[in-house]
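A.B. asks: The structure follows.
The values are calculated or read from the model by the stated rules, or taken from the named source; none is laboratory data. Note that the coordinates shown come from a computational prediction; the quantities given were computed from them, not determined experimentally. Here Cβ is always computed from backbone atoms with ideal geometry, including for glycine, and neighbour counts include all displayed protein chains. Each accessible area value is taken on the protein alone, full model and side chains, heavy atoms only, with ligands, DNA and RNA left out. Shrake-Rupley method; radii C 1.70, N 1.55, O 1.52, S 1.80 Å.
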Amino acid sequence: MIPSILPTYNRAPLTFVSGEGSWLVEADGRRFLDLGAGIAVNALGHAHPALVKALNAQASALWHVSNLYNIPAQQRLADALVDKTFADTVFFTNSGTEACELAVKMARKYWYEKGEDRTEIITFTGSFHGRSSAGIAAAGSEKMTKGFGPLLPGFTHLEFGDHDALTAAASDKIAAIMVEPVQGEGGIRPLPDACLKGLRDLCDQHGILMILDEVQCGMGRTGKLFAHEWAGVSPDIMMVAKGIGGGFPLGAVLATEGAASGMTAGTHGSTYGGNPLACAVGTAVMDIVGDEAFLSDVNRKAGLLRQKLEGLVAAYPDVFEEVRGSGLMLGLKCKVANSDVVSAGFAQSILTVPAADNVVRLLPALNISDGDIAEAVDRLDLAARQLQGENA
Ligand code: PLP
């Protein structure tokens, strides 16, 4: 008999009932150190007082009015994002997938309004952009698309890192190139800064719109507010979600005035996107994560964690191959099955997240304490010791 929850997830037998900072409490009372942060969502950990306060204040005032009316919390958050980024304008969604849908629509509408037949979007292997029709067509992998055809047409999939293929495919017929500055689901694979710069040049050369998917790598995760800032270039369109809501469902598409020029009244909408509750929390997140001192502390913590993880890789060469990633978006490429590492972590009451390419992701809250970083590495050490023993 089919379970009452559609069985599309293989869930771990864990039930969390409360959380505080980087810690989660299981129903049986065990305390777990959370290095998954709800897959890069709880950017400020669990039950952050400023977020709880913002949510409660908005909840007692007003929950929902729809986008038929002005929403002050939405305006405040849009202004804050425009102020801190390349963008001139923002549309709020409830998820990264919805951000992907709009990014695709926006890019195609841009060319339509210019009277040019440019609909093709270049994407890369190993990418993940959501599970909607546009999202799976964009990613293109068999795992995501098999059985769901006919797929949304108009995506050209290139091998991640194949510069020659990219140069050959880029032309004045391409509408946009969509890429994650750091692939998350694909196994924490950063696009080197030089490649992102090269991609920008290629886009400029052919008038192609550059769409960055910063759903997982954005909002301070790499130590800059957005990951592309490391390369000193900016996109035309950017997808954001996850960390921007700190745990409350919120996403956004940020764009330049030019890229957004086709999106006039009536061309897109969302009942819930940009609702008062989400935007009140999102503003509280931005107030904290958008601060330079906070971001420099993320970089310091990232250095600390990375150094300790390098030690772990050196100590357990039969378990781990390398550390990869950027900021607090780190991956341990495993020699044993990554699912075994995640399970061994459960036994030590630490949460990590598997990714493709046999990688285990470490995506802690951006405000994780130095003490919790040390504790996390101690627990990973115990997990690795057990696995090393089993594989000896
Ligand atoms: N894009 C990237 C890079 C993601 O990592 C994800 C989710 O993991 C998505 C898009 C889809 O976001 P959501 O699950 O919020 O719809």
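A.B. asks: Can you tell me which residues in the stretch 210-220 are without any contact (Cβ under 8 Å) to a residue 60 or more places away in the chain and more than 12 Å from the ligand (Cβ to nearest atom)?
C.D. replies: Met210
Residue-by-condition table, conditions (1) open to solvent by less than 50 Å² (accessible area, probe 1.4 Å); (2) part of a helix (DSSP H, G or I):
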| site | (1), (2) |
| --- | --- |
| Pro235 | yes, no |
| Met238 | yes, no |
| Val253 | yes, no |
| Ala259 | yes, no |
| Thr264 | no, no |
| Thr267 | yes, no |
| Val281 | yes, yes |
| Val285 | yes, yes |
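A.B. asks: May I ask you to list the residues in the stretch 123-134 that are touching a Leu at 6+ places or on another chain (Cβ under 6 Å) and either open to solvent by less than 40 Å² (accessible area, probe 1.4 Å) or at pLDDT below 95 (or both)?
C.D. replies: Phe124, Ala134
A.B. asks: Confirm whether Ala227 is open to solvent by less than 20 Å² (accessible area, probe 1.4 Å) and closer than 19 Å to Ile39 by Cα.
C.D. replies: Spelling it out, Ala227 is indeed open to solvent by less than 20 Å² (accessible area, probe 1.4 Å) and closer than 19 Å to Ile39 by Cα.
A.B. asks: If you don't mind, there's one more thing I want to ask. Tell me, which strands (runs of 3 or more DSSP E) wholly within the stretch 1-75 include 2 or more residues that are free of Cβ contacts under 8 Å to residues at least 60 places away in the same chain and in contact with a His (Cβ under 9 Å, 6 or more places away or on another chain)?
C.D. replies: Output list reads 16-20.
A.B. asks: Please find, among Phe16, Phe32, Phe91, the residue that is surrounded by 21 or more Cβ atoms within 10 Å (Cβ to Cβ) and closer than 23 Å to Ala365 by Cβ.
C.D. replies: It is Phe32.
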